[in-house]
Amino acid sequence: MNAWSRFVDRIELLGDAAHAWDARAMEAISGVRLFQRVPRFFRAATYLGDGYLWGGLALGLLLFGETPDRWNVLVAFCITVVNMAVLRLLKTLCARERPAVMDDGLRARVIDTYSFPSGHATTSFGIAWVVSSCYSYPVVQALVYMAAATIALSRVCVREHFLLDVVAGAALGTSVAAGFLPLLRWLLL
């Protein structure tokens, strides 16, 4: 066996160990008694993360905000488009299967096949970065990050993602937003 084969074998073992840890982490998080007592809360958070919360925020700013608010919505939209493009590329390259779906309702049939990284976490943390950067009110910043974290946690609690999926999604969304926000402000504003 040559050095390259040993290296590949070690990487595969490391990947298997990480996946096993991730599956145990998802089981532990989704099994927390407090989380099991409020399953509707996490299902609602997951559905709000489908775009309803962020779309509602954007609509409110477009209808009732001033010109800077409308520009902020445009910037957030552009960052979300970039996030989704990078997310789709990573999902296709990684091709990580989702956890076994326990519910075979409509939602189980419409979500995409791959789980890494989480689109909900990517979008939520990308928008949270934009909102917290554009609106320097501590209450707004805390609320938007609490919403993003709740949406991301809900994905693990309803067993549609592993923990590392949402951690990677949060990191991706934040990184893209932090990198593109200054550029978009310079181009658009």
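Residues that are surrounded by 12 or more Cβ atoms within 10 Å (Cβ to Cβ) and closer than 20 Å to residue 114 by Cα occur in region 1-20; there is at least one.
Is it true that some residue in region 119-127 is touching a strand residue (DSSP E or B) at 6+ places or on another chain (Cβ under 7 Å) and at pLDDT 85 or above? Walk me through how you get there before you give the answer.
Step one: of region 119-127, the residues touching a strand residue (DSSP E or B) at 6+ places or on another chain (Cβ under 7 Å) are none.
Looking through region 119-127, none of the residues is touching a strand residue (DSSP E or B) at 6+ places or on another chain (Cβ under 7 Å) and at pLDDT 85 or above.
For first residues located in region 64-92 and outside any helix (DSSP H, G or I), partners that are of a type outside the set (A, V, I, L, M, F, W, C) and lie 6+ apart or on another chain with Cβ distances below 9 Å form the pairs 65/72.
Does residue 132 meet the test of being polar (S, T, N, Q), at pLDDT 85 or above and either outside any helix (DSSP H, G or I) or in contact with a Pro (Cβ under 9 Å, 6 or more places away or on another chain) (or both)? Steps first, answer last, please.
On the way: polar (S, T, N, Q): yes; at pLDDT 85 or above: yes; either outside any helix (DSSP H, G or I) or in contact with a Pro (Cβ under 9 Å, 6 or more places away or on another chain) (or both): no.
In short, no.
Table: residues versus (1) among the small types (Gly, Ala, Ser); (2) in a helix (DSSP H, G or I); (3) without any contact (Cβ under 8 Å) to a residue 12 or more places away in the chain; (4) surrounded by 24 or more Cβ atoms within 10 Å (Cβ to Cβ).
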| site | (1), (2), (3), (4) |
| --- | --- |
| 126 | yes, yes, no, yes |
| 144 | no, yes, no, no |
| 152 | yes, yes, no, yes |
| 156 | no, yes, no, yes |
| 159 | no, no, no, no |
| 174 | no, yes, no, no |
| 179 | yes, yes, yes, no |
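Restricting attention to region 62-93, the residues that are among the β-branched types (Val, Ile, Thr), more than 17 Å from residue 112 (Cα to Cα) and under 17 Å from the mean Cα position of the chain (by Cα) total 4.
The values are calculated or read from the model by the stated rules, or taken from the named source; none is laboratory data. Quantities reported herein were computed from a predicted structural model and do not represent experimental measurements. Using ideal geometry, Cβ is built from the backbone for each residue, glycine included, and neighbour counts are taken over all protein chains shown.
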